Structure formats: C-alpha cells, structure tokens
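Enquirer: My questions all concern the structure below.
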Amino acid sequence: MMRPDRPSRRFPSARRPTRRRLLASGAVGALALPAVLSGCGTIRLGGPERYTPPPPGIDDLFRTDLLALLDRAVAGRDALAEATGGTGETDPALATVLEDLASALPVQRTALLTGAQHEQEQQKATDPAVPSSPAPPDSPQDAAGLVAVLVELRETAADAARQVSGSLARPVAAIGARTAWSVHGLQRAAQAGEVPSLRNAEEITPSREVPETDPPSIGAEVDYHSTIERAQQQEWYAGYVHEVLAARTGGAEREEHLTLSDRHRRRAETLGGIAEEDGAPVVARQAVYALPGGELDQQTADSLPALLARELLVDHVALVGAAPFARRPLPILAAMQEAEVLVGRVEEMRPLPSLEAEEGPVSDGG
C-alpha cells in the first residue's frame with residue numbers, strides 16, 4: 001500500500017511548544033532543568049520535575065470518541081451473534097452481515113490506535129496475565145441497537161474527517177464510508193432499526209473546538225491538486241456513463257441513472273470551481289468518453305454502476321485526506337454516497353476503502 005505522505009506541521013507559536021513537538025522530539029526531560037536556588041537548602045541535581053502532559057489535541061479527542069464507538073459496535077455485534085446462534089441456519093443474510101462486521105470492525109479499530117496503544121493491545125493478546133477489557137456498559141444488545149451505534153459511528157466519522165489532521169482524516173473518512181455501507185446491510189438483513197439520510201455537505205461543519213496547544217495539520221499542496229484533478233475527471237466520466245446507461249434502459253432504472261448522472265456532473269462542476277479558486281487544475285467536460293470495450297454488452301453495462309461507485313469512493317476518501325479543512329465536506333459526503341450506491345450491488349468491501357489493511361495503525365494521527 002502507498003500511504004499518504006505525512007503532512008507538514010504548522011505551529012501557531014514558536015514560543016509555545018505543542019504536544020506533538022514535545023512528544024516527537026523527546027525533549028520533555030531537557031525542559032525540566034534542575035533548579036538553582038539561592039540561600040540554604042538541599043539542591044537535587046538530575047532530578048526531573050514531574051511531567052504534566054499537555055491537554056489532548058483535536059486528533060486525540062476524535063480518536064477517543066471513535067474508538068469508544070467501535071468498542072460498542074464490536075460488543076454489540078458479538079451479543080447479536082450469540083443471541084442468534086451465529087450459525088446462519090435460520091437467517092443466512094444476517095449471519096453474513098455479522099461475519100462481515102466481525103472482520104471489518106477490528107481492522108478499523110486498529111487503524112485508529114497510536115503506536116503505543118497498538119503495543120499495549122498486542123501485549124494483552126499475548127500475555128495471559130494481562131486482563132482483557134470488559135465490554136462497554138452501554139453496548140447494544142439487539143439489532144436495532146447495533147444499527148443505532150453504527151449510525152452514530154458514521155456521523156462521528158464525518159465530523160472527525162472535517163477537523164482532524166490530513167493523515168488521520170483519510171482513514172477516518174474510509175471508516176465513515178464503509179460504515180455507511182455496513183449499516184444499510186445490517187438494517188436490511190435484520191429488518192430492525194432506522195438509518196437516517198446522510199447530511200448535506202453544508203451540514204458537515206466543525207463540531208468541536210480545536211485546542212490551541214495542538215492544532216491539526218494538512219498535507220502538501222501538490223497532493224491536494226492531484227487528488228482534486230482526478231476526482232473531477234472521474235465525476236465527469238461517471239456522469240457520461242450513467243447517461244449512456246439511462247439511454248439503454250427504461251422506467252425506474254432509467255430515472256436512477258439520470259439522477260446519478262446529474263449528481264456526478266454537479267459534483268464535477270463544484271470541484272472545478274473549487275479547483276479554480278485554489279489554483280489547482282480545472283478539468284473540462286468532454287463531449288464523449290471512451291467506454292469499456294467500445295460498445296457495451298449487457299454484462300459490462302450491469303457491472304459499471306458498482307465499478308464507478310467503487311472508484312469514486314476511493315478518489316473522494318483520498319481527497320478528504322489531502323484537501324484543506326474547508327474543502328472536505330463535499331468529498332466526505334461523496335464517499336458516503338458512493339458507499340450507499342454499492343448497497344445491494346456488492347457483497348463485500350474492504351474495511352478501509354482506499355487503504356490497505358495492515359497489522360498495525362494506518363495513521364498515527366499526527
């Protein structure tokens with residue numbers, strides 16, 4: 001996997017060391033200088049002052065919230081699997097969804113851990129003397145409760161992706177999009193709970209105050225320019241393809257393709273306006289685009305909506321991680337919308353779309 005480049009740091013004041021600077025440099029001990037006292041009394045040399053860690057930054061605040069929700073989701077999934085027997089004999093659709101959550105949720109949780117937290121998790125797993133963490137007391141006990149927790153996870157991920165550092169925003173956006181797909185699958189299989197509609201981009205606004213001691217950071221401008229250029233290209237292409245598919249069908253299916261075509265073209269136009277304002281490449285709409293195989297056979301035509309949605313989901317997750325904070329709402333929403341397009345069209349999805357799953361944290365959030 002190619003990880004997104006680690007974004008450059010920006011600090012509000014060189015006179016006020018931030019949490020990241022202290023932790024990254026290991027200079028805490030150097031700041032605790034031995035006191036030089038006048039008059040009588042014992043002078044202790046080499047004895048460091050008691051270290052008081054700085055308050056958590058915005059990345060850590062959202063990371064804590066998301067990890068708590070994932071812990072509740074894991075516990076709720078386990079409780080539901082136990083209550084239904086987990087065999088799939090009576091409800092194979094629900095058993096498939098629960099099996100999927102069992103594999104996806106731990107990967108997403110690991111992606112949010114810091115390096116130190118990941119080491120602690122490994123120690124718990126390998127050392128029988130270390131007690132395992134109990135299930136959260138507010139864990140869901142039925143399908144409706146688990147749906148509600150997943151909806152909360154989806155919304156919290158959207159809020160977090162709007163405000164955290166670029167290196168953390170990408171995996172968080174991937175979790176949010178994946179959850180948008182997972183929660184619909186669970187609701188359909190269990191026939192329980194409610195899944196509210198996604199918020200508009202204008203409603204994805206900063207929801208927490210950013211601590212002055214540890215502001216978030218964004219990535220390099222070149223990454224932002226390249227990802228917004230690709231997103232424009234893919235949106236124009238998707239708009240054209242859905243228009244072609246609409247001409248091949250009728251009824252409700254035709255209307256769905258026309259609706260999606262309009263959505264993609266509106267996104268492309270909006271992205272183009274943003275790119276022009278930010279000095280990024282602006283992609284013009286072409287009259288005609290090449291189709292797979294030249295002329296579409298029915299099998300290819302049937303597979304194109306899912307293929308387009310998968311690619312756009314990946315492109316917009318990448319754009320969230322590269323874009324300045326104020327430019328993130330559109331790709332955050334777009335990634336979740338494309339995930340919902342895939343509901344019923346695909347049977348599986350990576351736990352972290354656009355990022356390869358690894359045995360360790362995807363991002364340190366710094």
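Enquirer: Mind checking region 253-316 for GluC sites (Glu not before Pro) that DSSP puts in a loop (not H, G, I, E or B) and that have at most 12 other Cβ atoms within 10 Å?
Expert: Those that pass, being in a loop and sparsely packed, are Glu295.
Enquirer: So who's got an amide H within less than 5 Å of the one on Arg208, skipping anything under 5 residues away but keeping other chains? H placed 1.01 Å off N, in plane.
Expert: For Arg208, whose amide H was placed from the backbone, there are no distant partners under 5 Å.
Enquirer: About the Cα centre, and with charges only on the beta carbon of Lys, Arg (+1) and Asp, Glu (-1), how big is the dipole of region 158-228? Nearest 20 debye, please.
Expert: 420 debye
Enquirer: What is the Cα coordinate range of region 210-276 on the first, second and third principal axes, sorted by size from largest, in whole angstrom?
Expert: 57, 24, 15
Enquirer: Among Ala287, Pro211, Leu355, pick out the residue whose Cα is farthest towards the positive end of the charge dipole of region 208-366, where Lys and Arg carry +1 and Asp and Glu carry -1 on C-beta, about the Cα centre.
Expert: Ala287
Enquirer: Give me the dipole magnitude in Debye, nearest 20, for region 98-200 about the Cα centre, with unit charges on the beta carbon: positive for Lys and Arg, negative for Asp and Glu.
Expert: Here region 98-200 has a charge dipole of around 380 debye.
Enquirer: Order these peptides, 278-290, 109-121, by their mean beta-carbon neighbour count within 10 angstrom, highest first.
Expert: Values: 278-290: 12.6, 109-121: 17.0.
Top to bottom by mean Cβ count within 10 Å: 109-121, 278-290.
Enquirer: Ok, one more. So, R0 is 41 Å and r is the distance between the beta-carbons of Ala220 and Arg285; what FRET efficiency does that work out to, to 0.05?
Expert: 0.90
Enquirer: Provide the packing ranking of 335-348, 191-204, i.e. peptides ordered by the mean count of other C-beta atoms within 10 Å per residue, highest first. Don't skip to the answer; put the middle values down first.
Expert: Values: 335-348: 19.4, 191-204: 13.4.
Per-residue mean Cβ counts within 10 Å order the peptides as 335-348, 191-204.
Enquirer: Another question, if that's okay. Taking R0 as 22 Å, what's the FRET efficiency between Asp297 and Glu256 from their Cβ-Cβ distance, rounded to 0.05?
Expert: Approximately 0.60, to the nearest 0.05.
Enquirer: Moving on to the next point. From the backbone phi of region 336-342, what are the Karplus-calculated ³J(HN,Hα) couplings (6.51 cos²θ - 1.76 cosθ + 1.60, θ = phi - 60°) in whole Hz, Gly and Pro given as x?
Expert: So the Karplus estimates, Gly and Pro as x, are 5, 4, 5, 5, 5, 4, 7 Hz.
Enquirer: Rounding to the nearest 20 debye, state how big the charge dipole of region 226-356 is about its Cα centre with +1 on each Lys and Arg Cβ and -1 on each Asp and Glu Cβ.
Expert: On the way: 13 positive and 21 negative charges, 49 e Å.
Here region 226-356 has a charge dipole of around 240 debye.
Coordinate-derived values only; no laboratory data. None of these values were measured; they are calculated from a predicted model. Neighbour counts run over all protein chains shown; Cβ positions are idealised from the backbone, glycine included.
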